[in-house]
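The values are calculated or read from the model by the stated rules, or taken from the named source; none is laboratory data. Quick caveat: nothing in here was measured; it's all calculated off a predicted structure. Cβ atoms come from the backbone with ideal geometry, glycine included; neighbour counts cover every protein chain shown. Surface accessibility is based on the protein's heavy atoms, side chains included, excluding ligands, DNA and RNA. Shrake-Rupley method; radii C 1.70, N 1.55, O 1.52, S 1.80 Å.
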Amino acid sequence: MEQQQQPMGEAEAEAFEKFKQCAVEVLQVDAKAVTPDANFADDLDADSLDLVELVMALEEQFDISVDESELEGVKTVRQAFELVTSKL
Amino acid sequence: MLAVFPSGGHPGIPGRRVAVTGLGVVAPCGIGREAFWSGLLGPAPEGPRRVKDFDASSIYGPKELRRVDRFTQFAAVAADEAVADAGGVAAMGVDPSRAGVLIGTGIGGIETLEDQIHLMMEKGARRVTPFLVPMMMGNRAAADVSMRYGMCGPCEAIVTACAAGTQSVAAGARLVASGRCDVVLAGSSEAAMTPIGVAGFANMTALSTSGLSMPFDAKRDGFVMGEGGAVLVLEEYERAVARGARIYAELAGGASTADAHHITAPAPGGSGAVACMELAILDAGLSAADIVHVNAHGTSTPANDMAESQALNKVFGMPGPLVTSVKGITGHSLGAAGAIEAVALALTIANQTIPPTAGLTEMDPEIHLDVVTGEARPWTPGPSLSNSFGFGGHNGTIVMVPPS
């Protein structure tokens with residue numbers, strides 16, 4: 001059974017907007033394409049170095065630190081966003 | 001052009017003939033060969049020669065544009081024009097494994113490196129872009145061009161300062177002459193007009209303090225910095241004829257020598273340049289008396305122009321063939337200069353016109369050359385030569401002859 005996603009709270013929605021801005025700027029994609037289910041490789045044309053650059057922007061934006069090893073297995077926007085919010 | 005040079009009593013082995021079938025250029029006086037040619041015949045600008053209104057968005061998407069250094073963008077735009085000029089990749093119909101790319105540079109992506117060093121000092125090493133290495137590496141322009149056109153033969157970058165362009169064109173032609181390639185995109189690019197680049201050249205007193213580029217002039221006081229890129233399509237002659245390609249010129253000879261003397265000063269009397277020109281003329285199966293025109297390196301530095309003029313006198317006698325330097329217009333675009341001037345020479349042949357040496361008003365009395373000044377002069381069809389010399393003592397010469 002598919003896990004039901006909880007609707008985002010206000011703080012979370014605000015954080016996702018910031019996340020989206022970073023993705024739009026770094027990946028040069030349309031904001032509408034940056035949905036939680038979007039796959040970096042398939043939907044956002046982002047390779048592993050794109051992801052590294054995105055994480056740098058996110059570290060700046062959210063004042064967090066993400067180790068390279070934590071990016072392993074991160075394939076979707078949701079996974080990346082959860083990685084970020086886990087550090088807030 | 002020879003496939004193998006003579007040595008130890010053995011005669012050289014003649015190579016296949018090489019046609020120039022496409023030209024592309026990005027220069028401060030014009031983007032594209034027509035604007036460039038008009039610029040060469042126009043008035044000299046003042047001060048540093050930057051390429052204005054440059055836009056590579058026809059080649060790169062918005063994401064790539066931020067991740068490709070300016071020097072690579074120059075080469076990519078020039079290559080695109082050259083390939084289109086030659087009729088496009090499909091019309092060339094070349095086996096990808098026999099298609100090469102030789103695009104040199106003097107320095108590479110120095111603007112990117114400089115920006116990223118600033119960023120690192122300000123925000124720490126963790127903020128350095130993961131694209132730094134592929135942006136700054138001197139082989140990036142060649143790599144991008146090979147990927148864009150699917151050319152899988154030799155793809156290399158010659159890095160010999162201001163000789164890089166001419167040496168790339170000569171080496172590219174050799175790949176065709178020797179039979180390794182049927183088509184080579186050969187050229188060079190440079191985008192080093194950054195604060196650190198300018199400071200480096202200024203502090204070695206190579207740059208003009210007057211801001212005037214005056215090749216061979218008595219008052220010349222150094223070179224004026226420029227930037228840009230150019231690419232030529234070099235193609236085996238018979239196949240170019242067979243497919244009905246426009247042939248600008250035959251690339252008939254090329255040579256590369258080293259002064260082995262001093263890291264920045266030319267060898268006394270331009271001896272390395274003499275050897276280079278003589279070898280290039282031999283490579284073309286010609287003698288010095290056949291040469292009707294020389295597109296000189298002519299940087300406007302006291303040392304270069306004197307040594308080059310001495311070398312020209314040694315090879316050709318006094319005053320020798322008509323000489324011009326386009327650097328009065330373009331400034332000195334370092335590694336890009338040789339390819340830009342190879343395009344200028346091909347257009348000189350196509351238009352049967354030698355552009356004048358802008359900025360030259362009072363000939364240095366110590367220089368004994370027949371330099372084209374003031375107005376353009378007609379080019380009498382005949383073998384013509386282009387020189388480039390680089391810090392490190394690198395000399396490059398190519399010989400073009402009108403298509404037969």
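Would you confirm, using the coordinates I've provided, whether B:ARG220 is of a type in the set (Lys, Arg), under 25 Å from B:THR357 (Cα atoms) and open to solvent by 10 Å² or more (accessible area, probe 1.4 Å)?
Working: of a type in the set (Lys, Arg): yes; under 25 Å from B:THR357 (Cα atoms): yes; open to solvent by 10 Å² or more (accessible area, probe 1.4 Å): yes.
Yes.
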**Study point:** Count of segment B:292-309 residues which are open to solvent by 10 Å² or more (accessible area, probe 1.4 Å) and closer than 15 Å to B:ASP370 by Cβ
**Key:** 1
Check your understanding: Since B:THR257 meets every condition but one in (1) open to solvent by 10 Å² or more (accessible area, probe 1.4 Å); (2) not in a strand (DSSP E or B), which condition does it not meet?
Key -> (2)
Review point. B:ALA199: surrounded by fewer than 24 Cβ atoms within 10 Å (Cβ to Cβ), more than 19 Å from B:ALA342 (Cβ to Cβ), modelled with pLDDT of 95 or more and among the aliphatic types (A, V, I, L, M), yes or no?
Key: yes
Study note, to complete from the structure: Exception for A:ALA46 within (1) small (Gly, Ala, Ser); (2) within 14 Å of another protein chain (Cβ to nearest Cβ); (3) surrounded by fewer than 18 Cβ atoms within 10 Å (Cβ to Cβ) falls at (3)
Review point. Which residue pairs have Cβ atoms closer than 8 Å, lie 6 or more positions apart in sequence or on different chains, and pair a first residue in segment B:43-64 that is over 22 Å from B:PRO134 (Cβ atoms) with a second residue that is β-branched (Val, Ile, Thr) and part of a loop (DSSP other than H, G, I, E, B)?
Key: B:GLY47/B:VAL224; B:PRO48/B:VAL224; B:ARG49/B:VAL224
Exercise for review: Please work out which one of (1) more than 14 Å from chain B (Cβ to nearest Cβ); (2) without any contact (Cβ under 8 Å) to a residue 40 or more places away in the chain; (3) under 27 Å from B:LEU132 (Cβ atoms) is the condition A:ALA11 fails and give its number.
Suggested key: (3)
Review point. Taking segment A:49-88 as the region of interest, how many residues are open to solvent by 60 Å² or more (accessible area, probe 1.4 Å), within 14 Å of chain B (Cβ to nearest Cβ) and under 21 Å from A:ALA13 (Cβ atoms)?
Key: 3
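Being acidic (Asp, Glu), assigned to a helix (DSSP H, G or I) and at pLDDT 95 or above narrows it down to one of A:GLU53, A:GLU60, A:GLU12, A:GLU17, so name that one.
Numbers: A:GLU53 fails: at pLDDT 95 or above; A:GLU60 fails: at pLDDT 95 or above; A:GLU12 fails: at pLDDT 95 or above.
Result of the check over A:GLU53, A:GLU60, A:GLU12, A:GLU17: A:GLU17.
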Check your understanding: Here are some conditions: (1) assigned to a loop (DSSP other than H, G, I, E, B); (2) open to solvent by 30 Å² or more (accessible area, probe 1.4 Å); (3) away from chain A (no Cβ under 14 Å). B:ALA84 meets all but one. Which one does it not meet?
Key -> (1)
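Residue check: is A:GLN21 within 14 Å of another protein chain (Cβ to nearest Cβ) and over 9 Å from the mean Cα position of the chain (by Cα)?
Working: within 14 Å of another protein chain (Cβ to nearest Cβ): no; over 9 Å from the mean Cα position of the chain (by Cα): yes.
So A:GLN21 fails the test.
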